[in-house]
Amino acid sequence: MQMLKNAILSKGKAINRDVLLVDSFLNHQVDVELMRHVGDAFAAYFAGRGITRVITIESSGIAPATFTALALGLPLVIMKKQTSRIMTGDLLQTTVRSFTKGTSYELTVKRQFLNPGEKVLLIDDFLASGEAAFGVLHLAREAGVQVAGVGIVIEKAFQAGHQRLVDAGIDVYSLARVKSMSENCIEFVD
Ligand code: G4P
């Protein structure tokens, strides 16, 4: 998606070979016009597959997932990273480890938002080693829900996530695939 690649090249900053800062349009401040185009692109790719809900993980996946859900006319379910006193009832939970951030969290969703037999679409901001996506796959399997695809805004194609998901039979559609990056150069696949 050229508009997204242009934003990455003009506003993104690789702080090293592994981490791309995109907090001026995706992770902190959000370019909603760009996110509208992102949502339309995911909706065009995943339309007609019988998808019943869009799923994301808080927090940076929410903006692209919202516009995708809007374009598809579907509800959005936000998986939580933290529970609270008011998050009660029948919960599905799994531990996800983030290698990029060096942290772990309990990925949590209420079972009532994942009905057996449904087909869901996972939308997230970044794909690195795929741990978050595998956490969602795990909870979906527990709920008896099929993951019909994974839409990623920025994929770090030099990390293993994409191949791991493809090997698990998942259709992964990434709008920008970063092949390599350094402080003064960001290269895309294709
Ligand atoms: P994985 O799920 O593919 O294995 O990725 P990993 O654990 O390595 O990273 C997960 C967290 O790190 C996610 O944020 C993701 O957005 C973020 N992340 C990964 N690579 C980059 C990068 O190059 N640049 C930036 N800016 N973020 C990256 P999160 O913990 O879910 O936080 P949030 O921003 O969604 O709240």
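Worth a mention:
- Amide H contacts under 5 Å for LEU21, placed H, 5+ residues apart: LYS13, ALA14, ILE15
- Listed peptides 79-91, 149-161, 113-125 by packing density, highest first (mean Cβ within 10 Å): 149-161, 113-125, 79-91
- Translational D in µm²/s for the chain (Stokes-Einstein at 10 °C, 1.306 mPa s, Kirkwood Rh from C-alpha pairs): 95 µm²/s
- Rounded to whole Hz, the Karplus (6.51, -1.76, 1.60) HN-Hα couplings of the stretch 86-94, x for glycine and proline: 8, 8, 10, x, 7, 9, 9, 9, 8
- Ranking of ARG177, ARG97, ARG36 by count of other Cβ atoms within 10 Å, fewest first: ARG97, ARG36, ARG177
- Helix 62-72 vs. the chain, principal-axis angle (Cα, 0 to 90°, nearest 10): 70 degrees
- Cα centroid separation, the stretch 114-161 to the stretch 51-79 (Å): 12 Å
- Helix-only mean residue ellipticity at 222 nm for the chain, each DSSP H run of n ≥ 4 adding -39500 (n - 2.57), per residue, nearest 500: -9000 deg cm²/dmol
- Helix 32-46 axis, angle to the chain major axis (alpha carbon atoms, nearest 10°): 60 degrees
Every number in this text was worked out from the coordinates using simple rules, so none of it is lab data. Quantities reported herein were computed from a predicted structural model and do not represent experimental measurements. With ideal geometry, Cβ positions are generated from the backbone for all residues, glycine too; neighbour counts draw on all protein chains shown.
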